[in-house]
Amino acid sequence: MPTPVPSLLAPTSARVCLGLAGLCALVLCGVPLLAVHGAESALLLGVLLPPMAAWVAARLTVLLRDAGGVQRVGQAFERALGYGALLFALPSLVLWLDALRIRNCTPGLGFAFMLLGPGFGTLLGSVVGVCAALCTRSARSGCWLALAVPLSGVGIALARFYATPAIFMYGHFYGYFPGTLYDEGVSITGPFLWLRVFSCAWLAGLTLLATSASNPATLRWAPSATSARTSSFALGLGCIAVALTAELFAPELGHASSVASLQAALGGELRSARCQLHFPREWSPRTRRRLADDCDFRVWQAERWLGVSHPQTISVFLFRSPEEKGALMGAADTNLAKPWRSESFISENGWPNPVLGHELVHVVAAATGRGPLRVTGRALGLWPDPALIEGVAMAAAWQTQAGLTPHEWARAMLELGMAPPLDQLFGAGFLAQARGLAYTLCGSLLRFVAERYGSASVRRAYASGDLAQAVGIPLSQLQTQWHAYLRSLPLAKSSLELARARFSGSSILSELCPHALAKLHDKLDADLAAGNDRGASTRCTQILHIDPADSATRSTLVPVLARLGDTKAAAHELGQLAPGGKPSAFFARAEQALADEAFRNGQLERAAGQYEALLQAPNDDDALRVLQVKNIAAHSLPRQRQLLFELLVGAPGERIEPASAVHIARELRAERSDGLALYLEARQLYNQKRFAFAAPLLARALAAGLPSPELSAEALHLLAISRFALGQLDEAAALLQRYASDGRPGHAAEAQDWLARIRFTRAYGARPRAP
């Protein structure tokens, strides 16, 4: 007599897996980014749930077979799918309830990720578990086979990550991973939906094969019993063939990436002494050559700073836009490198490329990296330490940001109490800090280590993953030395408020609704560009409803409200930017926008007074120069005022075209006796990389005199770079020495970088091409 069919929770493994799923959901609730339905929580559950569903499905099928009697294969599927639904529902319910505590701004999108990720994955895992039990002789082998299939899906993803350029991952069990946590503009992509179409083919094919080729009396695979079910068997084979074909064409479907697919999409290619460059086919020969020289210099610079050599040619892929990069390989908004493949992937353009040096350091540092990934960290680099990885890159590719060095920014953060203890920066603690703050502080620290203890200490730290061991003192003592050094540096008063504005904010792990905010910011930018003040006001209000501490958005809202005529609301929002009556950097930004509005409306006295007062507010170098010229415009005669207004203010959201800007600057020459008009014209030509035209204008502007030291310094800086671009290395070096002599650490750092480029060019004979 057959024994009763056991319940879904009869196997011990079923109860254990259900408990683990619930526990995992509770752990996710401790991290705001993961505490609700979303792409990240769906990915983690997509890795965890399908293997458990497959194991338990196999176990339930074995128990059904052991119950005796004639059982329907469909009954095995019903039980497996019933348990799979329960396994998926429990953590989903926990995260749904946690949305009562942690705001989920896009519950529909989040639940779609859950359904398309672990929902589909658990369903497929359950079907695989039944099929594994039907195809194997012993219960143990069936369960292990069931477990191996979804885990192999993760293994294939890791293999593609290691062996191809791909940073994104698409898999039938775990779903979709866009590439990095820092990419906030995540959405359900077309390739993800197509993946689930082919997942349905796997589901249909496996189910049809199992039901048509199994013996109900034994619940085992019996292909010889298929004569009456030939059509179902053939249809199942057809579905499997479709699914396998999709795997073969994964790069074409956007589910995988390859060097060949990137080369085909970009089209341009050039080999330099140290780099193999891949770039858009439409780039000009001049741009290509400058990029090649830039890459060779940055490799040389990284090798000298680290004290290592990188004999391999480095492949550099430069994309037209972040969107193109995201579609071809993932990580749309994040530039990255794969040191073990000697590759870097960049979506930023320009010459010199602003991020190329940083990414190349990651590749060159592979000489001291560990394990298969050639990076620093624990377990042979398989548990990377982002503080050391990014800190070394920031320190070696030492660049100013808004006119200040990372040391100066770190000094300001230290005074503001924003710098966390070192033990909170290393390891996983790096991700618990705001991104810009963590990168800058780690870069300053590793630069200090190199300057105090030598580059050998940096190499030892990178090789061992232990900075304290590398320098021979505890982290607490190193922190004391570093802080003492930072406090010995001069600190401009304005840099405190600039640092507060630049580095305030939450980490990616603790940020609420990052994906919703990213989309709202994109819509806000579009509204501002279109001059849609009503839409911009709505977007700002939506953003501030999610994140009331977003001062940047609040400073954007102030002039928008003013243009809409709601002066009372604009004044209220402006007051929010001056807590305790102390204006912030964002207050100054909003005030300047209000002054622009006054200028547009012909309220010249008011605009002039506001511009004048803002000259003493916290401004970075670029903002200060623009403000100085606006102040000149507001105090000028009508013709000059109108020309400068068109050049710098104009209509809301409209950017002046380079040709128009050059024309206006030419017209301005007749109105001024100093070099301002020449500088403004040269600036436009410099931005278009027309160095042969910009250089003489900059020289004449400096000879005629400019109305502020900041404008003179920038003209000197631009002239030096233009001379270098034209191959006039001696003149460029002399100008850079003058630029570095004004006592500003940021200027000195920029000059030293260009002087190093000149030394490299002289030593290796690569001459930049003149236009």
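This table checks each residue for (1) among the β-branched types (V, I, T); (2) open to solvent by less than 30 Å² (accessible area, probe 1.4 Å); (3) assigned to a loop (DSSP other than H, G, I, E, B); (4) at pLDDT below 95.
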site: V364; (1), (2), (3), (4): yes, yes, no, no
site: G381; (1), (2), (3), (4): no, yes, yes, yes
site: I389; (1), (2), (3), (4): yes, yes, no, no
site: A395; (1), (2), (3), (4): no, yes, no, no
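So P165 fits all but one of (1) open to solvent by 40 Å² or more (accessible area, probe 1.4 Å); (2) in contact with an Asp or Glu (Cβ under 8 Å, 6 or more places away or on another chain); (3) more than 19 Å from L45 (Cα to Cα); what number is the exception? The number of the failed condition is (1).
Does segment 600-616 include one or more residues that are under 28 Å from the mean Cα position of the chain (by Cα) and of a type in the set (G, A, S)? For segment 600-616, residues under 28 Å from the mean Cα position of the chain (by Cα) and of a type in the set (G, A, S): absent.
From the list A651, A701, the lone residue that is among the aliphatic types (A, V, I, L, M), part of a loop (DSSP other than H, G, I, E, B) and either more than 34 Å from the chain's Cα centre (by Cα) or loosely packed, with under 15 Cβ neighbours inside 10 Å (or both) is A651.
Please find, among V127, V62, V47, the residue that is open to solvent by less than 40 Å² (accessible area, probe 1.4 Å) and within 14 Å of F173 (Cβ to Cβ).
Working: V62 fails: within 14 Å of F173 (Cβ to Cβ); V47 fails: open to solvent by less than 40 Å² (accessible area, probe 1.4 Å).
Residue meeting the stated conditions: V127.
Identify, please: which residue in segment 141-154 is open to solvent by 30 Å² or more (accessible area, probe 1.4 Å) and touching a helix residue (DSSP H, G or I) at 6+ places or on another chain (Cβ under 9 Å) and is, among those, farthest from P339 (Cα to Cα)? So, considering only residues that are open to solvent by 30 Å² or more (accessible area, probe 1.4 Å) and touching a helix residue (DSSP H, G or I) at 6+ places or on another chain (Cβ under 9 Å), the one farthest from P339 (Cα to Cα) is S141. Return a yes/no flag: does segment 186-196 have any residue that is within 30 Å of D333 (Cα to Cα), not β-branched (V, I, T) and not in a helix (DSSP H, G or I). The answer is yes; a qualifying residue exists. Taken over segment 197-219, the residue count meeting the criterion of being touching a residue at least 40 places away in the same chain (Cβ under 8 Å), among the hydroxyl-bearing types (S, T, Y), open to solvent by less than 10 Å² (accessible area, probe 1.4 Å) and not in a strand (DSSP E or B) is 1. What about R723, is it of a type in the set (K, R) and either surrounded by fewer than 19 Cβ atoms within 10 Å (Cβ to Cβ) or in contact (Cβ under 8 Å) with a residue 60 or more places away in the chain (or both)? Judged against the criteria, R723 is not a match. Of the helices (runs of 4 or more DSSP H) lying entirely inside segment 472-585, those containing at least 1 residues that are touching a residue at least 24 places away in the same chain (Cβ under 8 Å), within 30 Å of A450 (Cα to Cα) and out of contact with any Pro (no Cβ under 9 Å at 6 or more places or on another chain) span 475-487, 493-503. Tallying residues that are assigned to a helix (DSSP H, G or I) and surrounded by fewer than 21 Cβ atoms within 10 Å (Cβ to Cβ) within segment 687-698 yields 4. Scanning segment 364-383 for residues that are out of contact with any Lys or Arg (no Cβ under 7 Å at 6 or more places or on another chain) and under 20 Å from R160 (Cβ atoms) turns up G371, P372, L373, R374, V375, L382.
The values are calculated or read from the model by the stated rules, or taken from the named source; none is laboratory data. Small disclaimer: the values here were computed from a predicted structure and weren't measured. Using ideal geometry, Cβ is built from the backbone for each residue, glycine included, and neighbour counts are taken over all protein chains shown. All accessible areas refer to the heavy atoms of the entire protein, side chains included, with ligands and DNA or RNA removed. Shrake-Rupley method; radii C 1.70, N 1.55, O 1.52, S 1.80 Å.
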